[in-house]
Amino acid sequence: MRLITCAILAAAVAACSNEAPVTQPPGALAQMSANARYQVARLPSLGGTLSRGMAINDRGVVAGWSNLADGTRRATLWRDGKAFNLGKLGGPNSTVPWPGQNNRGMIVGISQTAEPDPLHEDWSCEAGGFLPASAGLICRGFVLEHGVMRALPTLGGNHGFATAVNDEGQVVGWAETRVHDPTCTGTQILQFHAVLWEPRRGVMRDLRPFPGDSASAATAINEHGQVVGISGDCDQAVGRFSARRAVLWDHGRTTRIPDLGGTSWNTPMDINDRGDVVGFSNPNEPGDAEGDFISRAFLWNRGSAKATDLHTLPGDFFSEAFAINARGQVVGVSFGGLSGARAFLFQDGVMMNLNDLVGPGFPDVLLSAQDINDAGQITGRLKDHVTGETLAFVATPTRR
(Lines give C-alpha, C1' and ligand atoms only; values in the text may rest on other atoms or scores of the structure.)
Protein backbone atom coordinates (compact mmCIF):
# COMPACT_ATOMS: atom_id res chain seq x y z
CA MET A 1 0.00 0.00 0.00
CA ARG A 2 1.23 3.45 -0.85
CA LEU A 3 -0.24 6.75 0.24
CA ILE A 4 0.06 9.37 -2.50
CA THR A 5 0.73 12.91 -1.34
CA CYS A 6 -2.65 14.46 -0.57
CA ALA A 7 -1.80 17.72 -2.27
CA ILE A 8 -1.16 15.92 -5.55
CA LEU A 9 -4.27 13.78 -5.43
CA ALA A 10 -6.47 16.68 -4.39
CA ALA A 11 -5.65 18.27 -7.73
CA ALA A 12 -5.49 15.04 -9.65
CA VAL A 13 -7.96 12.37 -8.62
CA ALA A 14 -9.97 12.13 -5.46
CA ALA A 15 -11.14 15.70 -5.10
CA CYS A 16 -12.18 16.08 -8.74
CA SER A 17 -15.42 14.11 -8.78
CA ASN A 18 -17.64 17.19 -8.50
CA GLU A 19 -15.90 19.38 -11.03
CA ALA A 20 -17.20 20.17 -14.51
CA PRO A 21 -16.03 18.04 -17.45
CA VAL A 22 -12.99 19.19 -19.40
CA THR A 23 -14.17 20.52 -22.76
CA GLN A 24 -10.85 21.52 -24.26
CA PRO A 25 -7.51 19.77 -23.74
CA PRO A 26 -4.66 21.61 -22.03
CA GLY A 27 -1.08 21.79 -23.15
CA ALA A 28 0.59 22.62 -26.45
CA LEU A 29 -1.98 22.53 -29.24
CA ALA A 30 -1.15 21.57 -32.79
CA GLN A 31 -1.68 24.03 -35.62
CA MET A 32 -5.26 23.88 -36.84
CA SER A 33 -6.73 24.08 -40.32
CA ALA A 34 -10.28 24.84 -41.38
CA ASN A 35 -11.08 21.18 -42.09
CA ALA A 36 -9.60 19.74 -38.88
CA ARG A 37 -12.03 17.62 -36.88
CA TYR A 38 -9.82 17.25 -33.79
CA GLN A 39 -7.33 19.39 -31.93
CA VAL A 40 -4.53 17.58 -30.19
CA ALA A 41 -2.72 18.30 -26.94
CA ARG A 42 0.58 16.65 -26.15
CA LEU A 43 0.77 15.57 -22.51
CA PRO A 44 4.06 15.90 -20.58
CA SER A 45 6.09 12.95 -19.37
CA LEU A 46 7.49 12.26 -15.91
CA GLY A 47 10.98 12.85 -17.24
CA GLY A 48 11.50 9.92 -19.57
CA THR A 49 10.94 9.61 -23.31
CA LEU A 50 8.04 7.12 -23.30
CA SER A 51 4.46 7.78 -22.17
CA ARG A 52 1.02 6.55 -23.16
CA GLY A 53 -2.52 7.64 -22.37
CA MET A 54 -4.59 4.52 -21.75
CA ALA A 55 -7.87 5.79 -20.27
CA ILE A 56 -9.91 8.97 -20.59
CA ASN A 57 -13.02 9.40 -18.48
CA ASP A 58 -16.02 11.60 -19.23
CA ARG A 59 -14.38 14.50 -17.35
CA GLY A 60 -11.44 14.47 -19.75
CA VAL A 61 -9.00 13.15 -17.12
CA VAL A 62 -6.37 10.81 -18.58
CA ALA A 63 -4.66 7.87 -16.88
CA GLY A 64 -1.88 5.73 -18.25
CA TRP A 65 1.85 5.51 -17.75
CA SER A 66 5.07 7.44 -18.16
CA ASN A 67 8.70 6.52 -17.77
CA LEU A 68 10.96 8.41 -15.39
CA ALA A 69 14.37 9.66 -16.47
CA ASP A 70 15.98 6.49 -15.06
CA GLY A 71 13.81 4.26 -17.30
CA THR A 72 11.45 3.00 -14.60
CA ARG A 73 7.70 3.28 -15.23
CA ARG A 74 4.92 4.80 -13.15
CA ALA A 75 1.17 4.79 -13.31
CA THR A 76 0.35 8.37 -14.28
CA LEU A 77 -2.60 10.74 -14.26
CA TRP A 78 -2.83 13.88 -16.41
CA ARG A 79 -5.04 16.79 -15.46
CA ASP A 80 -4.92 20.45 -16.51
CA GLY A 81 -1.79 19.85 -18.55
CA LYS A 82 0.16 18.37 -15.63
CA ALA A 83 1.42 14.81 -15.06
CA PHE A 84 1.05 13.19 -11.63
CA ASN A 85 3.05 10.16 -10.50
CA LEU A 86 0.54 7.76 -8.87
CA GLY A 87 3.19 5.67 -7.11
CA LYS A 88 3.74 1.91 -6.86
CA LEU A 89 3.36 -1.08 -4.56
CA GLY A 90 6.99 -1.33 -3.48
CA GLY A 91 8.63 -2.62 -6.64
CA PRO A 92 10.35 -0.51 -9.29
CA ASN A 93 7.47 -0.14 -11.79
CA SER A 94 3.72 0.44 -12.06
CA THR A 95 1.27 1.24 -14.86
CA VAL A 96 -2.32 1.71 -15.90
CA PRO A 97 -2.17 -0.74 -18.83
CA TRP A 98 -5.85 -0.71 -19.90
CA PRO A 99 -8.73 1.82 -19.83
CA GLY A 100 -8.67 1.40 -16.04
CA GLN A 101 -10.40 4.54 -14.79
CA ASN A 102 -13.96 5.50 -13.90
CA ASN A 103 -15.75 8.85 -13.56
CA ARG A 104 -15.55 8.85 -9.74
CA GLY A 105 -11.82 8.99 -9.13
CA MET A 106 -10.98 5.27 -9.05
CA ILE A 107 -7.98 4.06 -11.05
CA VAL A 108 -6.82 0.47 -11.49
CA GLY A 109 -3.67 -1.07 -12.89
CA ILE A 110 -0.67 -3.22 -12.05
CA SER A 111 2.51 -2.79 -10.05
CA GLN A 112 5.52 -4.82 -9.16
CA THR A 113 5.90 -5.42 -5.45
CA ALA A 114 9.11 -5.84 -3.46
CA GLU A 115 8.29 -9.52 -2.89
CA PRO A 116 10.25 -12.10 -4.93
CA ASP A 117 8.31 -14.68 -6.93
CA PRO A 118 9.08 -18.13 -5.49
CA LEU A 119 8.12 -19.82 -8.79
CA HIS A 120 10.13 -17.45 -11.03
CA GLU A 121 7.28 -17.02 -13.50
CA ASP A 122 7.30 -14.61 -16.42
CA TRP A 123 3.83 -13.31 -15.52
CA SER A 124 1.46 -11.24 -17.69
CA CYS A 125 2.82 -7.92 -16.36
CA GLU A 126 6.24 -8.36 -17.91
CA ALA A 127 5.70 -11.10 -20.50
CA GLY A 128 3.09 -8.87 -22.14
CA GLY A 129 5.44 -5.87 -22.17
CA PHE A 130 3.24 -3.86 -19.80
CA LEU A 131 6.09 -3.35 -17.32
CA PRO A 132 9.87 -3.34 -17.71
CA ALA A 133 11.52 -6.57 -16.58
CA SER A 134 12.29 -6.90 -12.89
CA ALA A 135 14.40 -9.27 -10.87
CA GLY A 136 11.65 -11.86 -10.46
CA LEU A 137 9.24 -9.76 -8.40
CA ILE A 138 5.57 -10.52 -7.81
CA CYS A 139 3.16 -8.29 -9.72
CA ARG A 140 -0.29 -7.41 -8.39
CA GLY A 141 -3.35 -5.60 -9.59
CA PHE A 142 -4.06 -2.40 -7.70
CA VAL A 143 -6.93 -0.02 -7.05
CA LEU A 144 -6.21 3.62 -6.23
CA GLU A 145 -8.87 5.71 -4.51
CA HIS A 146 -8.64 8.81 -2.29
CA GLY A 147 -4.87 8.82 -2.61
CA VAL A 148 -4.38 5.23 -1.45
CA MET A 149 -3.01 2.50 -3.73
CA ARG A 150 -4.04 -0.97 -2.52
CA ALA A 151 -3.07 -4.37 -3.86
CA LEU A 152 -6.02 -6.51 -4.93
CA PRO A 153 -6.13 -10.08 -3.62
CA THR A 154 -5.41 -13.13 -5.77
CA LEU A 155 -7.20 -16.48 -5.91
CA GLY A 156 -4.51 -18.07 -3.77
CA GLY A 157 -1.62 -17.75 -6.20
CA ASN A 158 1.07 -15.10 -6.40
CA HIS A 159 0.26 -12.71 -9.24
CA GLY A 160 -2.69 -10.58 -10.30
CA PHE A 161 -3.66 -8.06 -12.99
CA ALA A 162 -6.39 -5.35 -12.92
CA THR A 163 -7.76 -3.92 -16.17
CA ALA A 164 -10.99 -1.95 -15.76
CA VAL A 165 -13.39 -0.37 -13.27
CA ASN A 166 -16.96 0.91 -13.66
CA ASP A 167 -18.71 3.73 -11.80
CA GLU A 168 -20.10 1.24 -9.27
CA GLY A 169 -16.53 0.51 -8.19
CA GLN A 170 -16.48 -3.00 -9.67
CA VAL A 171 -12.98 -3.93 -10.81
CA VAL A 172 -12.07 -6.74 -13.23
CA GLY A 173 -8.90 -8.50 -14.27
CA TRP A 174 -7.32 -11.87 -13.56
CA ALA A 175 -5.38 -13.59 -10.80
CA GLU A 176 -3.53 -16.80 -10.16
CA THR A 177 -4.98 -19.76 -8.30
CA ARG A 178 -2.95 -22.36 -6.39
CA VAL A 179 -3.41 -24.94 -9.17
CA HIS A 180 -0.34 -26.13 -11.08
CA ASP A 181 -1.91 -26.20 -14.53
CA PRO A 182 -0.53 -28.68 -17.11
CA THR A 183 -1.73 -26.43 -19.97
CA CYS A 184 0.73 -23.70 -18.89
CA THR A 185 3.79 -23.18 -21.09
CA GLY A 186 7.19 -21.52 -20.70
CA THR A 187 7.80 -20.24 -17.18
CA GLN A 188 4.09 -19.97 -16.36
CA ILE A 189 3.12 -22.59 -13.74
CA LEU A 190 -0.04 -21.52 -11.94
CA GLN A 191 -3.52 -21.41 -13.42
CA PHE A 192 -5.29 -18.04 -13.55
CA HIS A 193 -8.95 -17.04 -13.66
CA ALA A 194 -10.87 -13.89 -14.44
CA VAL A 195 -11.85 -11.98 -11.31
CA LEU A 196 -14.43 -9.36 -10.35
CA TRP A 197 -13.41 -7.41 -7.26
CA GLU A 198 -15.61 -5.04 -5.28
CA PRO A 199 -12.94 -3.51 -3.02
CA ARG A 200 -15.32 -1.21 -1.15
CA ARG A 201 -17.35 -4.22 -0.02
CA GLY A 202 -14.40 -6.61 0.34
CA VAL A 203 -15.97 -8.95 -2.24
CA MET A 204 -14.07 -11.03 -4.81
CA ARG A 205 -15.66 -13.30 -7.41
CA ASP A 206 -14.01 -15.99 -9.53
CA LEU A 207 -15.27 -15.67 -13.13
CA ARG A 208 -14.65 -19.21 -14.23
CA PRO A 209 -13.54 -20.19 -17.73
CA PHE A 210 -15.85 -21.34 -20.49
CA PRO A 211 -16.73 -25.02 -19.97
CA GLY A 212 -13.79 -27.24 -20.90
CA ASP A 213 -11.18 -24.48 -20.59
CA SER A 214 -8.66 -24.11 -17.76
CA ALA A 215 -7.89 -20.38 -17.71
CA SER A 216 -9.71 -17.07 -18.13
CA ALA A 217 -9.04 -13.33 -17.89
CA ALA A 218 -11.41 -10.34 -17.75
CA THR A 219 -10.58 -7.26 -19.80
CA ALA A 220 -13.54 -4.85 -19.43
CA ILE A 221 -16.80 -4.18 -17.57
CA ASN A 222 -19.73 -1.86 -18.32
CA GLU A 223 -22.08 -0.01 -15.99
CA HIS A 224 -24.52 -2.96 -16.00
CA GLY A 225 -21.86 -5.28 -14.57
CA GLN A 226 -21.42 -7.20 -17.83
CA VAL A 227 -17.84 -8.42 -18.15
CA VAL A 228 -15.88 -9.50 -21.23
CA GLY A 229 -12.62 -11.37 -21.50
CA ILE A 230 -10.86 -14.47 -22.75
CA SER A 231 -10.97 -18.18 -22.03
CA GLY A 232 -8.72 -21.05 -23.07
CA ASP A 233 -5.49 -22.73 -22.00
CA CYS A 234 -3.17 -21.36 -19.34
CA ASP A 235 -0.46 -21.04 -22.03
CA GLN A 236 2.02 -18.23 -21.28
CA ALA A 237 -0.52 -15.95 -19.49
CA VAL A 238 -0.34 -13.28 -22.19
CA GLY A 239 -2.92 -14.28 -24.79
CA ARG A 240 -2.48 -16.60 -27.75
CA PHE A 241 -4.11 -19.93 -26.73
CA SER A 242 -5.38 -18.49 -23.46
CA ALA A 243 -7.62 -16.53 -25.83
CA ARG A 244 -9.13 -19.47 -27.68
CA ARG A 245 -12.53 -17.95 -26.97
CA ALA A 246 -13.85 -14.44 -26.39
CA VAL A 247 -16.44 -14.64 -23.63
CA LEU A 248 -19.11 -12.62 -21.84
CA TRP A 249 -19.92 -13.04 -18.16
CA ASP A 250 -23.40 -11.68 -17.56
CA HIS A 251 -24.44 -12.01 -13.89
CA GLY A 252 -23.60 -15.68 -13.56
CA ARG A 253 -24.05 -16.74 -17.16
CA THR A 254 -20.99 -17.36 -19.35
CA THR A 255 -21.47 -17.21 -23.12
CA ARG A 256 -19.16 -17.15 -26.08
CA ILE A 257 -18.72 -13.98 -28.14
CA PRO A 258 -18.44 -14.54 -31.91
CA ASP A 259 -14.91 -14.10 -33.25
CA LEU A 260 -13.30 -13.90 -36.71
CA GLY A 261 -12.75 -17.64 -37.06
CA GLY A 262 -9.24 -18.15 -35.71
CA THR A 263 -8.16 -20.45 -32.90
CA SER A 264 -6.06 -17.93 -30.97
CA TRP A 265 -5.83 -14.26 -29.87
CA ASN A 266 -9.63 -13.85 -29.72
CA THR A 267 -9.57 -10.91 -27.32
CA PRO A 268 -12.38 -8.49 -26.46
CA MET A 269 -11.02 -5.19 -25.15
CA ASP A 270 -14.09 -3.12 -24.26
CA ILE A 271 -17.87 -3.27 -23.84
CA ASN A 272 -20.22 -0.29 -23.81
CA ASP A 273 -23.51 -0.04 -21.93
CA ARG A 274 -25.47 -1.30 -24.94
CA GLY A 275 -23.45 -4.51 -24.78
CA ASP A 276 -21.46 -3.83 -27.97
CA VAL A 277 -17.97 -5.32 -27.82
CA VAL A 278 -14.72 -4.46 -29.61
CA GLY A 279 -11.33 -6.10 -29.61
CA PHE A 280 -9.06 -8.10 -31.86
CA SER A 281 -9.19 -11.62 -33.22
CA ASN A 282 -7.18 -13.86 -35.48
CA PRO A 283 -8.99 -14.77 -38.69
CA ASN A 284 -8.72 -18.35 -39.90
CA GLU A 285 -5.54 -17.85 -41.91
CA PRO A 286 -2.15 -19.57 -42.17
CA GLY A 287 -0.23 -19.13 -38.92
CA ASP A 288 -3.28 -18.99 -36.68
CA ALA A 289 -3.03 -22.67 -35.73
CA GLU A 290 0.52 -21.99 -34.50
CA GLY A 291 -0.65 -19.01 -32.48
CA ASP A 292 0.96 -16.35 -34.66
CA PHE A 293 -0.34 -12.84 -33.98
CA ILE A 294 -2.29 -11.95 -37.15
CA SER A 295 -5.00 -9.89 -35.53
CA ARG A 296 -7.84 -7.84 -37.00
CA ALA A 297 -9.98 -5.36 -35.11
CA PHE A 298 -13.54 -6.57 -34.63
CA LEU A 299 -16.92 -5.19 -33.55
CA TRP A 300 -19.69 -7.38 -32.17
CA ASN A 301 -23.09 -5.80 -31.75
CA ARG A 302 -25.00 -7.46 -28.93
CA GLY A 303 -27.40 -10.06 -30.33
CA SER A 304 -25.61 -10.40 -33.68
CA ALA A 305 -24.69 -13.87 -34.89
CA LYS A 306 -21.32 -12.70 -36.24
CA ALA A 307 -18.51 -10.35 -35.37
CA THR A 308 -17.64 -7.69 -37.94
CA ASP A 309 -14.06 -7.53 -39.23
CA LEU A 310 -13.10 -3.85 -39.19
CA HIS A 311 -10.09 -4.62 -41.42
CA THR A 312 -7.12 -2.23 -41.47
CA LEU A 313 -6.02 1.10 -42.83
CA PRO A 314 -4.70 0.89 -46.41
CA GLY A 315 -1.34 -0.86 -46.65
CA ASP A 316 -1.49 -2.49 -43.22
CA PHE A 317 -1.81 -6.16 -42.28
CA PHE A 318 -2.98 -6.02 -38.67
CA SER A 319 -5.27 -3.98 -36.45
CA GLU A 320 -6.62 -3.93 -32.89
CA ALA A 321 -9.69 -2.15 -31.52
CA PHE A 322 -9.24 -0.93 -27.94
CA ALA A 323 -12.36 1.00 -26.92
CA ILE A 324 -15.96 1.83 -27.85
CA ASN A 325 -18.09 4.66 -26.45
CA ALA A 326 -21.84 5.09 -26.01
CA ARG A 327 -22.18 6.50 -29.53
CA GLY A 328 -20.55 3.40 -31.04
CA GLN A 329 -17.32 5.16 -32.00
CA VAL A 330 -14.39 2.73 -31.96
CA VAL A 331 -10.68 3.54 -31.62
CA GLY A 332 -7.56 1.46 -31.98
CA VAL A 333 -4.40 0.92 -33.99
CA SER A 334 -3.60 -0.28 -37.50
CA PHE A 335 -0.07 -1.48 -38.21
CA GLY A 336 2.22 -3.89 -40.03
CA GLY A 337 2.70 -1.87 -43.21
CA LEU A 338 5.31 0.55 -44.49
CA SER A 339 3.63 3.49 -42.75
CA GLY A 340 4.15 2.07 -39.26
CA ALA A 341 1.54 2.17 -36.51
CA ARG A 342 -1.37 4.59 -36.99
CA ALA A 343 -4.27 5.47 -34.71
CA PHE A 344 -7.73 4.88 -36.16
CA LEU A 345 -11.29 6.01 -35.52
CA PHE A 346 -14.10 3.75 -36.77
CA GLN A 347 -17.56 5.24 -37.12
CA ASP A 348 -20.50 4.98 -39.52
CA GLY A 349 -19.00 1.82 -40.98
CA VAL A 350 -15.69 3.43 -41.98
CA MET A 351 -12.18 3.08 -40.50
CA MET A 352 -10.41 6.45 -40.68
CA ASN A 353 -6.79 7.34 -40.03
CA LEU A 354 -6.94 9.70 -37.05
CA ASN A 355 -3.96 11.55 -38.51
CA ASP A 356 -6.18 12.63 -41.42
CA LEU A 357 -8.67 14.23 -39.04
CA VAL A 358 -6.38 16.72 -37.30
CA GLY A 359 -5.57 18.92 -40.27
CA PRO A 360 -2.49 19.12 -42.54
CA GLY A 361 -0.69 21.49 -40.16
CA PHE A 362 -0.37 18.85 -37.45
CA PRO A 363 3.33 17.88 -37.27
CA ASP A 364 3.34 14.70 -35.14
CA VAL A 365 2.20 11.14 -35.83
CA LEU A 366 -0.67 9.69 -33.81
CA LEU A 367 0.52 6.12 -33.30
CA SER A 368 -2.39 4.57 -31.41
CA ALA A 369 -5.78 5.51 -29.98
CA GLN A 370 -6.29 3.66 -26.68
CA ASP A 371 -9.58 5.03 -25.32
CA ILE A 372 -12.50 7.29 -26.22
CA ASN A 373 -15.00 8.88 -23.86
CA ASP A 374 -18.66 9.62 -24.53
CA ALA A 375 -17.83 13.19 -25.60
CA GLY A 376 -15.58 11.77 -28.32
CA GLN A 377 -12.26 12.76 -26.70
CA ILE A 378 -9.50 10.29 -27.51
CA THR A 379 -6.25 9.44 -25.75
CA GLY A 380 -3.28 7.35 -26.86
CA ARG A 381 0.31 7.88 -27.92
CA LEU A 382 2.04 10.02 -30.52
CA LYS A 383 5.54 10.47 -31.89
CA ASP A 384 6.85 14.00 -31.33
CA HIS A 385 8.30 15.24 -34.62
CA VAL A 386 11.00 17.35 -32.92
CA THR A 387 12.27 15.23 -30.05
CA GLY A 388 11.33 11.75 -31.29
CA GLU A 389 9.72 11.09 -27.90
CA THR A 390 6.59 8.97 -27.59
CA LEU A 391 4.08 11.01 -25.61
CA ALA A 392 0.52 10.69 -24.40
CA PHE A 393 -2.07 12.89 -26.09
CA VAL A 394 -5.69 14.04 -25.92
CA ALA A 395 -7.59 14.65 -29.16
CA THR A 396 -10.76 16.70 -28.70
CA PRO A 397 -13.40 16.97 -31.43
CA THR A 398 -13.87 20.47 -32.84
CA ARG A 399 -16.98 19.46 -34.78
CA ARG A 400 -19.05 16.29 -35.14
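The values are calculated or read from the model by the stated rules, or taken from the named source; none is laboratory data. These numbers come from a predicted model, not from an experiment. FYI the Cβ positions are ideal-geometry reconstructions off the backbone, even for glycines, and counts take in every protein chain you see. Each accessible area value is taken on the protein alone, full model and side chains, heavy atoms only, with ligands, DNA and RNA left out. Shrake-Rupley method; radii C 1.70, N 1.55, O 1.52, S 1.80 Å.
Worth a mention:
- If you go through the stretch 376-399 and pick out every residue that is without any contact (Cβ under 8 Å) to a residue 60 or more places away in the chain and either on the phi < 0 side of the Ramachandran plot or open to solvent by 10 Å² or more (accessible area, probe 1.4 Å) (or both), you end up with 3.
- Complete set of residues in the stretch 325-350 that are in contact with a Gly (Cβ under 8 Å, 6 or more places away or on another chain) and either free of Cβ contacts under 8 Å to residues at least 12 places away in the same chain or open to solvent by 40 Å² or more (accessible area, probe 1.4 Å) (or both): 327, 338, 339
- From the list 130, 161, the one residue that fits, being open to solvent by 30 Å² or more (accessible area, probe 1.4 Å) and under 30 Å from residue 375 (Cβ atoms), is 130.
- Close pairs (7 angstrom Cβ cut-off, 6 or more residues apart or separate chains): without any contact (Cβ under 8 Å) to a residue 40 or more places away in the chain in the stretch 166-189, surrounded by fewer than 16 Cβ atoms within 10 Å (Cβ to Cβ) and of a type in the set (Gly, Ala, Ser) anywhere: 177/156; 178/156
- Residue in the stretch 146-167 that is more than 25 Å from residue 90 (Cβ to Cβ) and either at pLDDT 95 or above or in contact with a Leu (Cβ under 7 Å, 6 or more places away or on another chain) (or both) present: yes
- Residues in the stretch 320-348 that are assigned to a loop (DSSP other than H, G, I, E, B) and either basic (Lys, Arg) or farther than 19 Å from residue 376 by Cα (or both): 327, 336, 337, 338, 339, 340, 341.
- Exactly one residue among 110, 138 is over 20 Å from the mean Cα position of the chain (by Cα) and either at pLDDT below 95 or not in a loop (DSSP other than H, G, I, E, B) (or both), and that residue is 138.
- Of the strands (runs of 3 or more DSSP E) contained entirely in the stretch 232-292, those carrying at least 2 residues that are open to solvent by less than 20 Å² (accessible area, probe 1.4 Å) and at pLDDT 95 or above fall at 245-250, 267-271, 277-281.
- Within the stretch 368-392, tally of residues that are assigned to a strand (DSSP E or B) and over 15 Å from the mean Cα position of the chain (by Cα): 4
- When the stretch 179-206 is filtered for residues that are part of a strand (DSSP E or B), open to solvent by less than 50 Å² (accessible area, probe 1.4 Å) and not β-branched (Val, Ile, Thr), the ones remaining, listed by number, are 184, 190, 191, 192, 193, 194, 196, 197, 198.
- Residues of the stretch 81-127 that are among the acidic types (Asp, Glu), buried (at least 20 other Cβ atoms within 10 Å of the Cβ) and touching a residue at least 60 places away in the same chain (Cβ under 8 Å): 121 alone.
- Residue count, the stretch 212-231 (criterion: open to solvent by 10 Å² or more (accessible area, probe 1.4 Å) and either of a type in the set (A, V, I, L, M) or more than 19 Å from the chain's Cα centre (by Cα) (or both)): 6
- Residue 284 meets each of the listed conditions (1) of a type outside the set (Lys, Arg); (2) touching a residue at least 24 places away in the same chain (Cβ under 8 Å); (3) touching a strand residue (DSSP E or B) at 6+ places or on another chain (Cβ under 7 Å); (4) under 24 Å from residue 206 (Cα atoms) apart from (4).
- Residue within the stretch 351-371 that is open to solvent by less than 30 Å² (accessible area, probe 1.4 Å) and of a type in the set (Ser, Thr, Tyr) present: yes
- Residue 309 being touching a Lys or Arg at 6+ places or on another chain (Cβ under 6 Å), open to solvent by 10 Å² or more (accessible area, probe 1.4 Å) and farther than 28 Å from residue 76 by Cβ: yes
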